[in-house]
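Below: the structure, in structure tokens.
The values are calculated or read from the model by the stated rules, or taken from the named source; none is laboratory data. These numbers were taken from a predicted model, which means no experiment stands behind them. Every residue, glycine among them, receives a Cβ derived from its backbone with ideal geometry; neighbour counts consider all protein chains shown.
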Amino acid sequence: MLTNIELERAQDIILNHVTVLQVESLPLLQALGRVVSEDVLAEHDLPPYAQAAMDGYAVPEGECGQYRVIERLLPGEMPGASLGPGQATGVATGGPLPDGVVAVVPQEAVEINGEYITYNGAVVYGSNIKPPGENFRKGDLLVRQGASLSPGMASVLAAYGKNEVTVYRKPQVAILSLGPDIISCRETPAPGQMRDSNGLHLAALVMQEQGQVIGVEVAGADSTAQIGQRFQKLLHCSDLLITIGGAAHGIGDQAFPLLKHNRADLLFWGIKIKPGSHSGAAAFGEKLVISLSGNPAACAVGYHLLVAPVLRAMQNLKPYQAHLSAESVNVFLKKGGPRRFLLASATCDQSGWSVIILPGQKSSMTQAFLRNCNALIDLPAGHPPVEKGAKLSIVLTRPAYGGGQ
């Protein structure tokens, strides 16, 4: 087993054990937000035929002035005859047009006299006509593989009569918090006990990545045998099991002994970063277990660097968000030490990206969670203090999946 390794090596090891999940076909509303598993192409032009862009009268070529209305179409009706010289057809917005039409003149621009209309304006070829394929041509890419299905995409698919779409199955994720002093967030702690807030935090982050949380459990004061049984139960019904806490090698730390006792294929333990150095991973066949620190900030950093890429890869997405350059709005006075990740809030305007270093950067603190914490600042090992205006490397932590075309 590898110990105390570089972050990128740890990420590569984990991703080498990821299997892309199977696909399933879902109704459009149930598939909203899910990752589309294949390109969806336009099966025909949309609209499939020329349509009126407004209520009015379809007229033929030539300057006439007065036209005889041969029919007035209601919404949903098809033309019964082609237009000849001096003839017109009343049409509704979005309705089909008769053969021989060159323009639609607005209803309010004509004078009606029985079965005749008078239009004194110029007939401009193609005016107020939506040509076939104005929205999409046959073969156009509507939704790209890897897109997160949006309401707008669902609307376009519905316009093509598609009631379902094929998406990747949601990763099934279980979360187990370790430590005899940790209790459920629904309980009242006794002296020396702490509520489990990490489990709920990670569950919410997993759901942002379209994962399905099948269990958030707390081992608490369970015996070693009971914890092992709970671990095996969660592992059996999940694709990925996250353990929280007890990931160091101190007295009473449970994560490493738990995995070893259950005969896991231990992949690595310890990463050269701060916070989150006490992180590890193991494999059980095609299933993964990722162990994170119990300190809230370290747990969050570990999730974004180790767990989120796995969830994306399981859905056949690019696992990593791009590194961006951003200007620091404030300062961070610590310097030196290992590679460090800071919780941050990033924004972008006309001048580029800027980033605020959030308060509460100690691994045990949670102040940053109350702010718009949407990025990590990546500081190299041995970094100097961060000054205001410094150019920093950041990684956005919110999902940013592709769209349609």
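Cβ-Cβ distances below 7 Å connect the following pairs, each with a first residue in segment 1-27 that is touching a residue at least 12 places away in the same chain (Cβ under 8 Å), a second residue that is of a type in the set (S, T, N, Q) and surrounded by 13 or more Cβ atoms within 10 Å (Cβ to Cβ), and a separation of six or more residues or different chains: V20/N316; L21/Q315; V23/S37; V23/T166; S25/T166. Going residue by residue through segment 227-241, is there one that turns out to be at pLDDT below 95, outside the structural domain of L149 (by TED's automatic domain parsing) and in a loop (DSSP other than H, G, I, E, B)? Scanning segment 227-241 turns up no residue that is at pLDDT below 95, outside the structural domain of L149 (by TED's automatic domain parsing) and in a loop (DSSP other than H, G, I, E, B).
Scanning segment 331-382 for residues that are of a type outside the set (S, T, N, Q), surrounded by 18 or more Cβ atoms within 10 Å (Cβ to Cβ) and assigned to a loop (DSSP other than H, G, I, E, B) gives L358, C373.
Condition (residue is in contact (Cβ under 8 Å) with a residue 24 or more places away in the chain and assigned to a strand (DSSP E or B)) applied to segment 245-253: is it met by at least one residue? No, segment 245-253 has no match at all. When we screen L176, L157 for residues that are assigned to a helix (DSSP H, G or I) and at negative phi, the only hit is L157.
Could you please find all residues in segment 196-213 being part of a strand (DSSP E or B) and either out of contact with any strand residue (DSSP E or B) (no Cβ under 6 Å at 6 or more places or on another chain) or surrounded by fewer than 17 Cβ atoms within 10 Å (Cβ to Cβ) (or both)?
We begin by selecting, within segment 196-213, every residue part of a strand (DSSP E or B); these are 212-213.
Residue satisfying the conditions is Q212 alone.
Within the set F332, F341, the sole residue that is without any contact (Cβ under 8 Å) to a residue 60 or more places away in the chain and aromatic (F, W, Y) turns out to be F332. For segment 51-70, residues that are small (G, A, S) and at pLDDT below 95 total 2. Considered as a group, the residues in segment 293-304 that are crowded, with 24+ Cβ neighbours inside 10 Å and touching a residue at least 60 places away in the same chain (Cβ under 8 Å) include one that is nearest to V20 (Cα to Cα), and that residue is Y303.
Filter segment 368-405 down to residues that are of a type in the set (D, E, K, R) and modelled with pLDDT of 95 or more and give me whichever is farthest from P151 (Cα to Cα). Among those residues, the one meeting the criterion is E387.
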